[in-house]
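Remarks on the structure that follows.
Derivation of every value follows stated rules applied to the coordinates shown; laboratory data play no part. The structure presented is a predicted model; accordingly, all values stated were derived computationally and were not measured. A quick note on method: Cβ atoms are made from the backbone with ideal geometry, for glycine too, and the neighbour counts reach across all protein chains shown.
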Amino acid sequence: MRRLINFGILSLLCLVFLPTTVFAGTALPELTAKSAIVIEASTGKVLYSKNAAEQRYPASTTKIMTLITALEYGKLDDVVTASDQAAGTEGSSLWLTAGERLTLLDMLYGVMLVSGNDATVAVAEHISGSVENFAKQMTAKAHAIGAVNSNFTNSSGLPDEQHYSTAHDLAKITAYGYKNQLFAQIVSTQHKVIPWPGKDHDRDLYNENKMLWLYDGANGVKTGYTDAAGRCLVSAANRNGIQIIAVVLDSEHMWDDSINLLDYGFSKLTQLPVVRKDDILKTVKITEGKVGKVKLMATDDIILPVADNEFDKFTTVIDAPEKVAAPVAAGQKLGTVTVMYDNVAVASTELVADRTVERKSFFKLIWGSVVGFVTFVIRNFA
C-alpha cells in the first residue's frame, strides 16, 4: 500500500531551525551571457535563468550529450579505430591518425578533456556506424531526458543550422549525466595520460575547463566555442553534498559569469534532512506471529537541497503492505520510502523490520482458529 505524506508541518520546523543567512536576499548575478541558467541537479530546481529556453548553437558543450550516449550504448573496453574521416575532422583535436586504435574509454577522455572533434567522430562511427546515426541517438536520448528543445546533427558541436540546444536543456542533460559515476569521474578529471600509438611518449591530457582549478568544489563539465555560438561553458560544483549546474551560452566573460551563477546557486540552497536512518515510518501487522506487529525503519538518511518557499513541493510516498505473514527477520526489507519533488521521484531508501517475529507454533495457530470461530458464533448467533 502506498501512503503519501506532505511536508507542510515539516516546512514550519525547517523555517525555525534552518540558518537565517541561507535565504537572505542575495543579489541576482550580473551576466554577459546571452543565455544562462543555474539549477540544483537532484531536483532540477531552477535557481536563476536568463533566456534559458532560447535555442542556440551549443558548440562543444554538445560533447556532454556525446559522452552520455557513448557511455550508454558503447562498451568501454572496445578498441576504437580512427577512420580517415575521423582523423581529418576540423577543429580541436586529439591528433588521431587514420588507423590509430584506442579504447573507447581513452577516446572519451580525449573528447571531454581536450575537446577532440576527431575522437567524437571515431566514437560515433564505432558505436552507430556513422556520425549521422549517432547524432540521431543523441537527439532521441536528449528528448527522453526531457531536453526536448535540442537537436543534434553531429557529435562534435561544429556549426550546423539544425544543430541546437538551450541553456535549460544542457542543464537537464548534465544533471542526468551526473547519475552515472563514470560520467562524473571523466568530467571532473584535471589530467589524464592515455596511450599515443606510434609515438615514443604517451598523450598528456589537461582539462580545458579552468573551473576545475578556479572554483572550490568544481567537478565539471565542458567548454565550447565557435564563431556562431560564442563562448559557452557548462560548469558544475558540489559543496556539502549539494550538486549544482550552471550554463552560459554566448558569453563575453564565461568564467566570471559561471562563478557568479554558481555562487548565487549555493546561496539559495540548504540541506534538509527529509528522512533519517532508523526513523520509524510505518507499523505493519504480522499475521500468524508471536508478536502482532513490527515497525518499519529507514535504512539510510535522505538529505536534500531545499530553496526558500518550496517545502510544499516535497512529499514522501511509503510503499509497504498493511500486513505480513510471520516469520519476519530483523532488518528484512518490507517496503520503501520515496521522496518526491513536484511529483518526480528524487530519492528513496528501503524500509526494514525493527525486530524478529517468529511464527506461532502449530498448536497455537489451531487454538487461535478455534477461539476465533467460537467468538464469531457467539457474536452472530447467540
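So, in Å, what gap is there between the alpha-carbon centers of region 110-151 and region 313-340? Region 110-151 and region 313-340 have Cα centres separated by 40 Å. Cross-linked pairs 172/268; 45/295; 192/222: Cα-Cα separations exceed 24 Å for 45/295. Helix 254-267: angle to the longest alpha-carbon principal axis of the chain, degrees 0 to 90, nearest 10? Relative to the chain, helix 254-267 is tipped by roughly 10 degrees. Residues 201, 143, 163, ranked from the fewest to the most other C-beta atoms within 10 Å, line up as 201, 143, 163. Summarising the amide proton neighbourhood of residue 196: residues at separation of 5 or more, or on other chains, whose placed amide H is nearer than 5 Å comprise 203. For the pair region 45-73 and region 229-290, the centres of their Cα atoms are 18 angstrom apart.
Largest mean-square fluctuation among 184, 87, 144, in a Gaussian network model of the chain whose springs join Cα atoms under 10 Å apart, belongs to 144. By the count of neighbouring beta-carbon atoms within 10 Å, fewest first, 211, 107 end up ordered 211, 107.
When the trypsin sites (Lys or Arg not before Pro) in region 175-259 are filtered for DSSP coil states and for at most 10 other beta-carbon atoms within 10 Å of their beta-carbon, the remaining sites are 199. If only the Cβ of Lys and Arg carry +1 and only the Cβ of Asp and Glu carry -1, the dipole of region 29-268 around its Cα centre is close to 720 debye. Sparse packing (at most 13 other Cβ atoms within 10 Å of the Cβ) combined with a DSSP loop state is found for the following GluC sites (Glu not before Pro) in region 122-229: 161. Anisotropy class assigned to region 293-334 is prolate, per the alpha carbon gyration tensor with a/c at or over the 1.5 cut-off and a/b larger than b/c.
Helical content alone sets the calculated 222 nm signal of the chain at -9500 deg cm²/dmol, taking -39,500 (n - 2.57) per DSSP H segment of four or more residues and averaging over every residue. Along the charge dipole of the chain, which of 81, 336, 325 sits closest to the positive end, that is, farthest toward it, with unit charges on the beta carbon of Lys, Arg, Asp and Glu (+1, +1, -1, -1)? Checking the options against the dipole of the chain, the answer is 325.
Normalised by the number of residues in region 210-340, the mean separation of alpha-carbon contacts (under 8 Å, six or more apart) gives a relative contact order of 16 percent. Sequence-distant contacts, meaning Cα pairs under 8 Å at least 6 residues apart, place the relative contact order of the chain at 18 percent. 3J(HN,Hα) along region 213-221, derived from phi through the Karplus expression 6.51 cos²θ - 1.76 cosθ + 1.60 where θ = phi - 60°, amounts to 9, 7, 10, 5, x, 4, 9, x, 9 Hz, with x in place of Gly and Pro. Taking other residues whose beta carbon is less than 11 angstrom from the beta carbon of residue 126, and scoring Lys, Arg as +1 and Asp, Glu as -1, yields 0. Taking amide H as placed 1.01 Å from N in the peptide plane, the amide H of residue 93 sits under 5 Å from that of 117, each at least 5 places away or on another chain. Here Rg and Dmax of the Cα atoms in Å was calculated from the structure, and among [x] 20.8, 69; [y] 27.0, 100; [z] 24.7, 76 it sits at label [y]. Backbone geometry of region 279-295 corresponds, through the Karplus equation with coefficients 6.51, -1.76 and 1.60 at θ = phi - 60°, to 3J(HN,Hα) couplings of 4, 8, 10, 6, 10, 10, 6, 10, 8, 6, x, 5, 10, x, 7, 10, 9 Hz, x marking Gly and Pro. For region 109-124, 3J(HN,Hα) computed residue by residue from phi via the Karplus equation (6.51, -1.76, 1.60; θ = phi - 60°) reads 5, x, 5, 8, 7, 10, 6, x, 4, 4, 5, 5, 5, 4, 5, 4 Hz, glycine and proline entered as x. Sorting 156, 348, 130 by the number of Cβ atoms found within 10 Å of their own Cβ, with the fewest placed first, yields 130, 348, 156. Other residues lying with their Cβ under 14 Å from the Cβ of residue 96 contribute a combined charge of -3, Lys and Arg counting +1, Asp and Glu -1.
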